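Structure record follows, encoded as structure tokens.
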Amino acid sequence: MHRVPPYRPSAMLLRTSLVAIAGALAAALLAAACGGSDAPSVTATRAASTTAAAIQPAATATAATTANTLPTPTATPTAARNDALSQLSGTWNGVWNSDSTPGDTGAFTIEWAQTGNSLSGTITVTNTPCVTTGTITGSVAGSEIRFGAVQGVYAIQYAGVFSGSTMSGTYDSPSCGNAKGKWQATKT
């Protein structure tokens, strides 16, 4: 009968396990300092899985330790988060140019508030027989923006992109003679 010697983890494996446990504890302390409420359970889970990895064969332990990398803290200062989520709030002045009736141009002013990914406010448009003023609603996804307004039987939809204090895109209004064109605006 052949006897298998008992498994003894190498010094490198033990050192890796200790570093992983220390990292999990540091992450838990950081999460607790930033207001994270789940820090103790995350720490216990990571420490237990890292300790279990230390008694497994080297190939398995390396995979388990790699899977237990330090978490990124999820706490973000409230002021910074609110600024990022409300960067479109305020007054925007813009111009539009018709593609459906070349030469037709006008201006518009938007006053809106951004709450998370939602936009709401008012719009005033010059040199158009359709939507001259109205309430607007819209949404933001990344750097893309969509919004629209209705006045009586007329509706207009805008789509575009924004970067910092500028935005631009296209508009269309099927209810107003299928009007289409381009627009751009700057935050004041």
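The values are calculated or read from the model by the stated rules, or taken from the named source; none is laboratory data. Remember, predicted model here, so these are calculated numbers, not experimental data. Here the Cβ is made from the backbone with ideal geometry for all residues, glycine too, and neighbour counts use every protein chain on show.
Count, please, the residues in segment 106-130 that happen to be farther than 18 Å from Thr166 by Cβ and surrounded by fewer than 16 Cβ atoms within 10 Å (Cβ to Cβ). Here the count works out to 11. Restricting attention to segment 90-118, the residues being more than 29 Å from the chain's Cα centre (by Cα), polar (S, T, N, Q) and assigned to a strand (DSSP E or B) number 3. Condition check for Val161 on (1) part of a strand (DSSP E or B); (2) in contact (Cβ under 8 Å) with a residue 60 or more places away in the chain; (3) of a type outside the set (Asp, Glu): one failure, at (2). Gly134 - would you say it is under 20 Å from Gly90 (Cα atoms) and assigned to a strand (DSSP E or B)? So Gly134 fits the description; yes.
Yes/no matrix, rows are residues, columns are (1) modelled with pLDDT of 95 or more; (2) touching a helix residue (DSSP H, G or I) at 6+ places or on another chain (Cβ under 6 Å):
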{"residue": "Pro71", "(1), (2)": "no, yes"}
{"residue": "Val95", "(1), (2)": "yes, no"}
{"residue": "Ala107", "(1), (2)": "yes, no"}
{"residue": "Thr122", "(1), (2)": "yes, no"}
{"residue": "Tyr171", "(1), (2)": "yes, no"}
{"residue": "Asn178", "(1), (2)": "no, no"}
{"residue": "Thr188", "(1), (2)": "no, no"}
